[in-house]
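Engineer: The structure follows.
The values are calculated or read from the model by the stated rules, or taken from the named source; none is laboratory data. Every value quoted in this text rests on a predicted model; they were computed, and no experiment measured them. Neighbour counts are summed over all protein chains in view; Cβ atoms, including those assigned to glycine, are modelled from backbone coordinates with ideal geometry.
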Amino acid sequence: MKYLLILALITFTQHSYAKKNQVLLTGSSTVAPIMLDIASEFEKLNPNSIIEVQTGGSTRGIIDIKRGLSQIGMISRALKPNENYLKHKTIAIDGLGVILHSANKVTKLTKQQIKDIYTREITNWKDLGWIDKPITVVHKAEGRSTLELFLSYLGLKNSQIKPHLIIGDNEQGIKTVTGNPYTIGYVSIGAANYNIKNKAPLKLVALDGVKANRANIINKSYPILRSLNLIYTGNLAEPSRKLLAFTAGPEALKVLERHYVISPQ
Amino acid sequence: MSLAHNKTEDYLFKGLLLVGLLFSLSIFVVLFFLIRSGGHFFISTSISETLFFDQWFPSEQLFGLAPMITGSLLVSALSLALAGPFSLILAFFYFYICPLKLKSALNIFMDIFLSIPSVVFGLWGLVVVVPLLAPLFPPGQGLFTASIILAMMILPIGFKTFVATLQTIPNECLLAAKSCNLSEWSVFKDIIFKSYKRKFFVGFLLQVTRAIGETMAVLMVCGNIIQYPDSLFAPIRTLTTNIALEMSYATDFHRTSLFFCGLLLIGFIFILLLISRTDEMKYEK
C-alpha cells in the first residue's frame, strides 16, 4: 500500500511537472504531419518542452480551442466570420490537388469535367480520352474542410455529389487511388507530392490548364488554394508562444519544403 | 506473521472487489452518457424520420439512418455466413482429426490472429485485397470486401468458443457412441451437434456481436457510401464507421445524431446478448 502511494505520488508530480512545458495541438489532418515535424525540431532546441499533436480535423481543432482542451488548434482553412474572435497565424499555403493513378493517361481536366465526373455525368474514362473503364469517384466524408473547399470550387452541394467511395483522411485517399488505377480523388497537394516523392504510383492533374506545382501556388494562378492556420485564444503561455514564433523560423521553413507546402512569406 | 499475511490478502481482496465493482459500474456510466447525449435526438425527431429514412446529409439537416442500419446488419450477417460454418468445421477438425503437431501450430496461429489489431486487418484489406478485387468488381471496396475482412477477424473467436464447447463433451458419451458402431459422421450429426447446438449457437452470436461492433477495419474497406447496396460488391456504410468518420467533425445536432448511432449499436448488441443468455438458461434447465 505504501509503495503504491509513493508510486502514485511520483507519477503525479511528474505529470504536473510535464504539464508546465507541454503544448497540445489538435485539428486538421493536413496540418498535423507538418506540425509534428516542426514540433520535433522545436523539441531538439528546447529539450524541456513536450509537444503533442493529435489529428481529428479542422472542426475538432476549433472545438478543442473553444473548450480549452488544447493550447493551439490546427485548421486547413481560413477562419469563418463567426469564428473571428479567435486569433490565427498562417503557417503555410497549400493547394487542393485532383489525383489519379500514375498509370492513368489523363493529365489535365477542366472544372466542368470534374463537376461532371463528381455528379456522374461522365462515368467512363473513354470520354476523357483514355480506355473504356468505369470511373471510380472518391470523395471525402462530411465535415472535412478539404471537402468544403472542393465543393465551393465546384459550386455544388454535398448532396449533388454521387461518389463511389468515401474516405476519411488524406492518407486513406492516397492508398485508395494508388490501389486502383481507375479512381479519381482529391487531397492536399502537399500530401500528394510527399507520397509521389516516396514512390507512390500517383500523379496530380492540371486544373483548367494550370499545373499543380510550386510556381503556380506561389503566383496564385492555381485555382484551389487555402491557408494552413494555427489558432489560439487570448494570452498564450511561454512554450506555446515560443512554438508559434518558431513556425516562421528557418528550421520550420525546411520542414515546410519537405512537406511541399509554401511558406506564406 | 500469518496474521499480517492474512491482512494483506484481505486488503487485496477488498481492493479487487472495489475495482470489479467500479468496472461494472462504468458500463452504466457509459450508457448514461450515451442516453444523455443521444437520447435528445430521439425526442426531437420521429422514428420514421430516422430509422426508416435514407437521406443522410447532416449539413442539410437530414438524418436518415436506415442505410447504415442495413449496412451494419448485412455486413455482420455475411461475415458470419463466411466465418461461422468454417470456424465450426475447423474446431471439429482441431479436436477430433488434427494430428498433435499440427494442433499446437493451429492453436498458435489462431492466438496470433486474435491479437492482431483491427487497423492492421483494415490496412491489409485496403492495400492487398482491394487492388485484387477492384478490376473485377469495381470499385473494390464494399459489402463483400468488408465481409471477408470481418470474417477473418471473427473466425478465431468462433474457433476458440467451439473448441471450448467440444472440450466439455464427456468422453464416455463419445465412447458409448463408438461402441454402438456409429459412423463418425453420425456421431457428429446426431449426438454432438444435436445435443450441443445451443452452445454452438452462442458461439455464432459472439461472432456477430464482434462483427457488428468492429470499426476501423470496416472503415478502410467498406467504401463508406450511404446507400442500400444493390449488389454484393456495392459500397456500404455501417453505424460504427459513420461514427468514426464524422464524430470529430460533428457539432450540435449532428453530434447528437452520432451518439444516437452508438445507442442503436448498444441496443443491437444488448439484444444479441439477451438472446444468447435466455438460450443458455433454457439449455441449463
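Engineer: One residue is enough: does the stretch B:247-262 have a residue meeting the conditions within 23 Å of B:Ser79 (Cβ to Cβ) and in a helix (DSSP H, G or I)? Please lay out each step first, then the result.
Structural biologist: Filtering the stretch B:247-262 for residues within 23 Å of B:Ser79 (Cβ to Cβ) gives B:261-262.
Keeping just the survivors that are in a helix (DSSP H, G or I) gives B:261-262.
Among the residues of the stretch B:247-262, at least one is within 23 Å of B:Ser79 (Cβ to Cβ) and in a helix (DSSP H, G or I), which makes the answer yes.
Engineer: Do you know which of the residues in the stretch A:28-87 that are acidic (Asp, Glu) and farther than 18 Å from A:Ser263 by Cβ is nearest to the other protein chains (Cβ to nearest Cβ)?
Structural biologist: A:Asp64
Engineer: Quick check: is even one residue across the stretch B:182-197 in contact with a helix residue (DSSP H, G or I) (Cβ under 9 Å, 6 or more places away or on another chain), more than 25 Å from B:Phe270 (Cα to Cα), within 14 Å of chain A (Cβ to nearest Cβ) and surrounded by fewer than 16 Cβ atoms within 10 Å (Cβ to Cβ)?
Structural biologist: no
Engineer: Separate question: In contact with a Leu (Cβ under 6 Å, 6 or more places away or on another chain) and outside any strand (DSSP E or B): which single residue out of A:Val106, A:Val53 fits that description?
Structural biologist: None of the others qualify; the one that does is A:Val106.
Engineer: Can you work out which of the residues in the stretch B:51-83 that are surrounded by 21 or more Cβ atoms within 10 Å (Cβ to Cβ) and at pLDDT below 90 is farthest from the other protein chains (Cβ to nearest Cβ)?
Structural biologist: B:Leu65
Residues checked against (1) under 25 Å from the mean Cα position of the chain (by Cα); (2) at pLDDT below 90; (3) among the acidic types (Asp, Glu); (4) in a loop (DSSP other than H, G, I, E, B):
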site	(1), (2), (3), (4)
A:Leu96	yes, no, no, no
A:Leu100	yes, no, no, no
A:Asp116	no, no, yes, no
A:Ile122	no, no, no, yes
A:Ile131	no, yes, no, yes
A:Val138	yes, no, no, no
A:Gly143	yes, yes, no, yes
A:Thr146	yes, yes, no, no
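Engineer: Suppose we filter the stretch A:42-60 for residues that are in contact (Cβ under 8 Å) with a residue 40 or more places away in the chain, more than 12 Å from the chain's Cα centre (by Cα) and surrounded by 19 or more Cβ atoms within 10 Å (Cβ to Cβ); how many remain?
Structural biologist: Total meeting the criteria: 4.
Engineer: Hey, can you tell me all the residues within the stretch B:113-147 that are more than 8 Å from every other protein chain (Cβ to nearest Cβ), of a type in the set (Val, Ile, Thr), surrounded by 14 or more Cβ atoms within 10 Å (Cβ to Cβ) and over 15 Å from B:Ser79 (Cα atoms)?
Structural biologist: Passing the criteria: B:Ile116, B:Val129.
Engineer: I'd like the full set of residues that are touching a residue at least 60 places away in the same chain (Cβ under 8 Å) and β-branched (Val, Ile, Thr), limited to the stretch B:88-119.
Structural biologist: Within the stretch B:88-119, B:Val119 is the sole residue that qualifies.
Engineer: Are there strands (runs of 3 or more DSSP E) fully within the stretch A:158-265 with at least 1 residues that are of a type in the set (Ser, Thr, Tyr) and at pLDDT 90 or above? List them.
Structural biologist: Answer list for the stretch A:158-265: A:183-188, A:225-232.
Engineer: Of all residues being in contact with a helix residue (DSSP H, G or I) (Cβ under 9 Å, 6 or more places away or on another chain) and not aliphatic (A, V, I, L, M) in the stretch B:101-112, which is nearest to the other protein chains (Cβ to nearest Cβ)? Just the residue, please.
Structural biologist: Applying the filter and picking the extreme gives B:Phe109.
Engineer: I would also like to ask the following. How many residues does the stretch B:141-173 contain that are without any contact (Cβ under 8 Å) to a residue 60 or more places away in the chain and either not assigned by TED's automatic domain parsing to the domain that holds B:Asn224 or not β-branched (Val, Ile, Thr) (or both)?
Structural biologist: Final tally of qualifying residues: 6.
Engineer: Next question. Picking from B:Leu219, B:Leu258, B:Leu245, B:Leu239, which residue would you name as being of a type outside the set (D, E, K, R), away from chain A (no Cβ under 14 Å), under 27 Å from B:Ser59 (Cβ atoms) and surrounded by 21 or more Cβ atoms within 10 Å (Cβ to Cβ)? Let's see the steps before the verdict.
Structural biologist: On the way: B:Leu219 fails: away from chain A (no Cβ under 14 Å); B:Leu258 fails: away from chain A (no Cβ under 14 Å); B:Leu245 fails: away from chain A (no Cβ under 14 Å).
Only one candidate passes the filter, namely B:Leu239.
Engineer: Does at least one position in the stretch B:81-102 carry a residue that is part of a helix (DSSP H, G or I) and within 16 Å of B:Thr215 (Cβ to Cβ)?
Structural biologist: no
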